[in-house]
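The values are calculated or read from the model by the stated rules, or taken from the named source; none is laboratory data. Bear in mind the structure is a predicted one, so any value in this text is a computation, not a measurement. As a convention, Cβ positions derive from the backbone with ideal geometry for all residues, glycine included, and neighbour counts pool all protein chains shown.
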Amino acid sequence: MMQLARRHNGGGAEPLTLGRVARDEGLTVAYVAKIVRRLRRAGLVKSVLGRSGGYTLSRDPGQITVAEVLNALGGRLYNTDYCSRFAGDKAACAHLGDCAIQSLWGVLEGLLDRVLGHTTLRDLLVGLPRAPIAIETGSASAGERR
């Protein structure tokens, strides 16, 4: 996505071939094709036919968030059903009812979602820091506890 974003120039873009992306990123063409297929289904990239065809972003890099890209490629880092899917040898996690870490993962996922949802490909391109996102967890921070 960053290669495509670099080539985007307001009104249009220079298409990139799967082979070029694969070569530049050190990946196989088959793997890049799989990734691009997911991005295309999500409406983030489009194909350009013809001799000088390839793939371009479907929108301006300032209108595509990192969250959209990650969701297209595989979804969230933490899901509430994680503990039931990865329970070891048991049907469910032994700590499912009194898990101390599950709420922490939920808070971290929420914070990460907010940051990624506010960060665009253009932000990554220009390296401009975004305004800080307020962090509200509903409890006192470690520095406030005594």
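Residues checked against (1) loosely packed, with under 12 Cβ neighbours inside 10 Å; (2) modelled with pLDDT under 90; (3) among the basic types (Lys, Arg):
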{"position": "Arg7", "(1), (2), (3)": "no, yes, yes"}
{"position": "Gly43", "(1), (2), (3)": "no, no, no"}
{"position": "Ser52", "(1), (2), (3)": "yes, yes, no"}
{"position": "Lys90", "(1), (2), (3)": "yes, yes, yes"}
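Output the residue which, of all residues in region 9-32 that are surrounded by 14 or more Cβ atoms within 10 Å (Cβ to Cβ) and small (Gly, Ala, Ser), is farthest from Asp123 (Cα to Cα). Per the stated criteria, the residue is Ala22.
Residues in region 16-50 that are touching a helix residue (DSSP H, G or I) at 6+ places or on another chain (Cβ under 8 Å) and either assigned to a loop (DSSP other than H, G, I, E, B) or among the small types (Gly, Ala, Ser) (or both): Gly19, Ala22, Leu27, Thr28, Ala33, Ala42, Leu44, Ser47.
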